[in-house]
Structure formats: C-alpha cells, structure tokens
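A.B. asks: Okay, handing you the structure first.
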Amino acid sequence: QVQLVESGGGLVQAGGSLRLSCAASGSIFSINAMGWYRQAPGKQRQLVASITRGGSTNYADSVKGRFTISRDNAQNTVYLQMNSLKPEDTAVYYCNAGIRTTLYVPMIDYWGQGTQVTVSS
C-alpha cells in the first residue's frame with residue numbers, strides 16, 4: 001500500500017507564508033511527477049504546481065513568483081513553499097504523485113488526504 005501524508009496547512013494572514021510537505025510511504029518502486037492541487041469551496045480541483053523527478057517545474061499562472069515547489073527524491077517528499085499569500089489562495093491543498101509499486105505494473109496516481117490553507121484578509 002502507498003500513502004501520501006500532507007502537513008503544514010493552517011491559518012495565516014494575507015502576505016504571510018506557509019510551507020506544505022507531502023511524504024510518500026509504503027511499497028514504492030519509483031515516483032514520477034509529484035504535484036500540488038487545490039480545491040476551493042464550490043470550485044473544481046486545479047493544479048497549483050508540479051515537479052518531475054529531474055526537477056523540472058510547472059506553475060499555475062496565479063501562483064507564479066509566489067510559490068515554489070521542490071522535492072527530495074531520497075525522502076520521497078515534495079514541498080510547496082507559499083509566500084505572499086492572498087485570500088484567494090484559501091483552499092484544501094492536495095498532494096499528488098505518480099507512483100509505480102513494482103517494475104511490472106503501470107504507474108498510478110495517488111492522492112493525499114488534503115490539508116486546509118486559510119488566508120485571512
């Protein structure tokens with residue numbers, strides 16, 4: 001079994017910072033891309049940022065210049081440093097990873113349970 005466990009959410013004032021972490025554990029052979037998504041009330045889940053195993057990154061336009069995604073391949077962990085937070089960043093943030101549990105099975109998308117980020121004005 002594979003688990004993604006997120007941490008680091010919370011309540012912060014506008015302009016503040018938070019750092020999210022997501023650790024993958026269990027029967028893992030390899031991890032491809034990892035990423036963060038968010039879902040605000042009444043809205044669809046959307047990509048915030050993603051990072052390949054080699055370190056190439058992709059960001060939603062709304063967070064470029066404010067958020068930074070990084071990963072530690074040895075620890076199977078992905079991070080999201082969020083600076084200059086705005087009230088519109090308020091959402092549940094979900095970790096995502098493409099994981100292969102053995103060499104002989106397809107890669108499967110796994111999701112964390114979500115962590116709440118609330119930015120007050």
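A.B. asks: Compute the relative contact order of the chain as a whole-number percentage, counting only Cα pairs closer than 8 Å that sit 6 or more residues apart in sequence.
C.D. replies: 36
A.B. asks: Extension gain residue 46-residue 32, at 0.36 nm per residue separation less the Cα-Cα distance, in nm?
C.D. replies: Answer, rounded to one decimal: 3.1 nm.
A.B. asks: Moving on to the next point. Between residue 64 and residue 104, what FRET efficiency follows from the Cβ-Cβ distance if R0 is 25 Å, with the result rounded to 0.05?
C.D. replies: Computed FRET efficiency for residue 64 and residue 104: 0.05.
A.B. asks: A further question follows. If the viscosity is 1.306 mPa s and the temperature 10 °C, what Stokes-Einstein diffusion coefficient in µm²/s follows for the range 7-121 when Rh is the Kirkwood radius over Cα pairs?
C.D. replies: 110
A.B. asks: Once label points are set 7 Å from the Cα along Cα→Cβ at both residue 17 and residue 116, what is their separation, rounded to one decimal in nm?
C.D. replies: Label-label distance for residue 17 and residue 116, simple model: 2.5 nm.
A.B. asks: Using a 1.4 Å probe over the heavy atoms of the protein chains, calculate the carbon and sulfur portion of the accessible area of the chain as a whole percent.
C.D. replies: Looking at the chain in its full context, I get 47 percent from C and S.
A.B. asks: How big is the range 12-63 along each principal axis, measuring the range of its Cα positions in Å and listing the largest first?
C.D. replies: If we take the Cα atoms of the range 12-63, the spans are 39, 24, 22 Å.
A.B. asks: Compute the signed sum of charges (Lys and Arg +1, Asp and Glu -1) over the other residues within less than 13 Å, Cβ to Cβ, of residue 35.
C.D. replies: For residues surrounding residue 35, the net value is +2.
A.B. asks: Counting heavy atoms of the protein chains only and a 1.4 Å probe, report the per residue accessible area for the chain as a whole number of Å².
C.D. replies: Ligands and nucleic acids excluded, the result is 53 Å² per residue.
The values are calculated or read from the model by the stated rules, or taken from the named source; none is laboratory data. Predicted, not measured: the structure shown is a model, and the values here were computed from it. Cβ atoms come from the backbone with ideal geometry, glycine included; neighbour counts cover every protein chain shown. Accessible surface areas use protein heavy atoms only, side chains included; no ligands, DNA or RNA. Shrake-Rupley method; radii C 1.70, N 1.55, O 1.52, S 1.80 Å.
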